[in-house]
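Some notes on the structure that comes next.
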Amino acid sequence: MGLNLKDVALREKTSLESFNTRVVAIDAYNALYQFLSTIRGSDGMPLADLEGNTTSHLSGLMYRNASFLSMGIKPVWVFDGRSPSLKAAEIERRRQTKMDAAIKYEKAIADGDQEAARKYAQQVTSLKDGMVDQSKELLDLFGIPHIQAPSEGEATAARLTITGQAWAAASQDYDSILFGARRLVRNFTNNGRRKVPNRNFYVTVEPELILLERVLEGAGLSREQLVDMGIMIGTDFNPSGFYGIGPKKALKLIKKHGRLEDIPQVQEKLESTPYEEIRRIFLEPDVADVDEIRFGSVDHEGIIRYMTEHDFSPNRVGQALARMRKALEKKSQTLERWF
DNA sequence: CGGAAGCA
DNA sequence: TGCTTCCGG
């Protein structure tokens with residue numbers, strides 16, 4: 001879910017083109033959830049093979065990676081491992097939200113309310129183990145590396161930006177910067193304006209870059225203080241945060257007093273919050289040790305075979321790959337002209 | 001979501 | 001040619 005750091009996180013517009021040749025560590029769960037909830041047919045249900053197994057994640061992954069490679073972007077997909085036990089409450093909260101959504105979905109269907117049905121269907125989305133395995137198989141066929149994080153994927157992605165193995169981490173959640181990601185890209189996708197289904201308006205999604213150093217400088221905080229601020233607002237590890245304290249007040253308090261222990265207003269809350277443990281999760285996270293990130297070659301035939309097994313049209317898949325190959329040829333030609 | 005068809 | 005709508009599985 002992530003925390004609300006909009007107010008302190010200075011964002012600058014960017015473009016996919018500017019990521020040419022760069023390695024980007026992608027929060028795999030974050031992206032896969034997005035695919036599952038947004039790639040849907042007109043009935044609001046996810047895409048599925050002939051047996052009814054969901055395939056939206058495969059569609060999203062294939063087109064997204066083909067597009068990344070076409071643009072010279074080097075994606076590394078980072079998968080979540082076991083969640084810290086402190087996340088249990090948040091996970092339970094999400095489970096409950098899904099159960100509620102399932103009930104609301106049934107009601108919307110009974111009422112014939114299409115728009116509501118679609119909305120709640122999206123909220124029921126869940127990422128199954130099998131989908132994760134399938135996603136890794138597809139990445140292998142693309143020659144695109146994937147890393148299994150021991151714990152939160154965002155933490156390992158952040159680490160890669162610190163070691164210099166990745167230029168940036170891509171996720172929708174701001175948690176990445178608490179984990180220390182030097183650069184975070186949000187909306188790491190192609191499109192500008194998008195119509196929201198069944199409704200008559202558009203939203204603009206443009207890639208945006210958040211630089212940890214600038215966030216800290218801009219707010220006049222250390223990373224430790226940013227984490228403390230996050231704890232007051234609420235993180236996945238203390239979802240409700242401190243009652244009555246939002247981003248504005250949290251910033252003011254942390255700047256005035258320096259650290260949680262010294263803020264008079266929150267002493268009572270601290271007694272019931274494992275704040276030291278939450279700090280450790282962000283500041284000393286359990287991350288994968290990655291020695292070398294290897295990019296392989298694209299197995300065109302293998303991808304077509306794999307996607308076809310999941311009832312994708314071989315024509316469409318072949319076309320997507322042909323487009324990618326063409327883009328890469330063009331790229332190497334313009335490069336040759338320089339030498 | 002992202003590609004392609006449809007339309008001015 | 002550029003923008004909107006449609007559809008994939």
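Compactness of region A:16-111 is given as radius of gyration and Dmax, 17.0, 51 Å, from Cα positions. Calculated mean residue ellipticity at 222 nm for chain A: -15500 deg cm²/dmol, from DSSP H runs with n ≥ 4 weighted as -39500 (n - 2.57), summed, divided by the residue count and rounded to 500.
Tell me, in nm to one decimal, what length is gained between A:Asn20 and A:Ser313 on full extension, where the rule is 0.36 nm per residue of separation less the Cα-Cα distance?
102.5 nm
Going by neighbour counts of Cβ atoms within 10 Å, the residues A:Tyr202, A:Tyr243, A:Tyr33 line up, fewest first, as A:Tyr243, A:Tyr202, A:Tyr33.
Considering Cα pairs under 8 angstrom that are at least six residues apart, work out the relative contact order of region A:242-339 and quote it in whole percent.
Numbers: 22 pairs, mean separation 11.3, N = 98.
The normalised contact order for region A:242-339 reaches 12 percent.
What pairs from A:Lys13/A:Lys136; A:Lys104/A:Lys128; A:Lys6/A:Lys249 go past 24 Å between their alpha carbons? With Cα atoms farther than 24 Å apart: A:Lys13/A:Lys136. Extents of region A:125-272, largest first, come to 55, 43, 31 Å (Cα atoms, principal axes, whole angstrom).
Find the centroid of the Cα atoms in region A:300-323 and in region A:52-118, then give the distance between the two in whole Å. Between the Cα centre of region A:300-323 and that of region A:52-118, the gap is 23 Å. Computed log10 I(q)/I(0) for chain A at 0.09, 0.12 Å⁻¹: -0.54, -0.94, from the Debye equation with unit scatterers placed on every C-alpha and solvent omitted. In this structure, A:Thr97 and A:Asn53 have a Cβ-Cβ separation that, at R0 = 35 Å, corresponds to a calculated FRET efficiency of about 0.90. When every Cα-Cα distance of region A:58-196 is counted in 5 angstrom steps from zero, the calculated P(r) takes the values 2, 8, 13, 17, 18, 17, 13, 7, 3, 1, 0 percent.
Give the average over all directions of the projected area of the C-alpha convex hull of region A:221-284, one decimal, in nm².
Details: hull surface 15.0 nm².
In nm², the orientation-averaged hull projection of region A:221-284 is 3.8.
Taking trypsin sites (Lys or Arg not before Pro) across region A:153-257, the ones in a DSSP loop with at most 12 further Cβ atoms lying within 10 angstrom of their Cβ are A:Arg199.
Where a number appears in this text, it was derived from the coordinates with a stated rule and is not lab data. From a predicted model like this one, the values you see are computed outputs, not experimental measurements. Don't worry about glycine lacking a Cβ; one is built from the backbone with ideal geometry, like all the others, and counts go over all protein chains shown.
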